[in-house]
1. Do the conditions hold for T151, that is, is it assigned to a strand (DSSP E or B), modelled with pLDDT of 80 or more and surrounded by 11 or more Cβ atoms within 10 Å (Cβ to Cβ)?
2. Only one of D111, D65, D145, D103 is acidic (D, E) and in contact with a strand residue (DSSP E or B) (Cβ under 9 Å, 6 or more places away or on another chain). Can you tell me which?
3. For region 48-105, what are the residues that are of a type in the set (S, T, N, Q) and surrounded by 10 or more Cβ atoms within 10 Å (Cβ to Cβ)?
4. So, L18, is that one under 25 Å from the mean Cα position of the chain (by Cα) and surrounded by 10 or more Cβ atoms within 10 Å (Cβ to Cβ) or not?
5. Scan (1) closer than 30 Å to L174 by Cα; (2) under 41 Å from the mean Cα position of the chain (by Cα) for the single condition V106 breaks and write down its number.
6. Can you work out which of the residues in region 62-121 that are of a type in the set (D, E) and outside any helix (DSSP H, G or I) is farthest from R136 (Cα to Cα)?
7. Cβ-Cβ under 6 Å, sequence separation 6+ or interchain: first residue in region 89-116 and over 19 Å from T151 (Cα atoms), partner exposed (fewer than 12 other Cβ atoms within 10 Å of the Cβ). Which pairs?
8. Within region 109-121, restricting attention to residues that are under 37 Å from the mean Cα position of the chain (by Cα) and surrounded by 12 or more Cβ atoms within 10 Å (Cβ to Cβ), which residue is farthest from L174 (Cα to Cα)?
Amino acid sequence: MSTINLLPWREAKRKELLQQFLISFGFVFLIAASVWGLGHYYHSQLIGNQILRIGMVDEKIAEVDKKIKEIRELEKEKEQLLSRIRAIEELQGNRPLIVRFFDELVHSLPDGVTLLEVKQEGKKITVNGLAQSNARVSSFMRNLDSSVWLTEASLKVIKESNVSDSTVVNSFTLTFKQIFPKDGEEEES
C-alpha cells in the first residue's frame, strides 16, 4: 500500500524556512551590529586620541606663548640696557670735548669780560656776561670766531648799566656754536 502523508507538509516546510530565515536574519543582524559597534568604537577612539593631541598642542602653544612673552620682555630690557650703554659711551666720548670746550672758552675770553651764565642746547651755546666795554665784547666775539672749536658768534643783546657813580658795565647775551674739527685742524691749533 502506498503511504499518504496526511500531515500538512507545506506548512511544516514554511515554518522551517521561516525559522531558517529568522536565524539567518538574526546572525546578519548580530554581525551588522557588531561591525557598527566596532566602527563606532574605532572612530570614538580616533576622536578621543585627536582630542588628546589637540589638548597637548594647546598646552605647547601656551608654553610657546609664555616663552615669546618672556623673549619680548628680555628684548625690551636689552634695548633699555643698550640705550644706557650708548648714553654712557656717548658721555665717555664727549668728556674730552666738554673739557676742550671750556678750555677754548677760557682762551677766547679777554680781560675785562666776566661770564655769568653758560647754557648749551645741542651745539648752540648761549652766554650771559658782563664786560667793561663794547670793544671787549667784540674782541671776545673775534676770539670765538677764530677758534677751531667755536664758531658763528652772534651778539643778541648788549646793555650799558651803571654799577656805581664811576663804574659803567655792559651786560650782554651772546650765542655761538660748538663744532668738532677734523683731526688735521685740531693739531694745527
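The values are calculated or read from the model by the stated rules, or taken from the named source; none is laboratory data. In this text, all values refer to a predicted model and were calculated from it rather than measured experimentally. Note that each Cβ is placed from the backbone with ideal geometry, even for glycine, and that neighbours are counted across all protein chains shown.
1. no
2. D145
3. Selection gives N49, Q50, Q80, S83, N94.
4. No.
5. Of the numbered conditions (1) closer than 30 Å to L174 by Cα; (2) under 41 Å from the mean Cα position of the chain (by Cα), the odd one out for V106 is (2).
6. E121
7. Close Cβ pairs (under 6 Å, with a partner that is exposed (fewer than 12 other Cβ atoms within 10 Å of the Cβ)) do not exist here.
8. Q120
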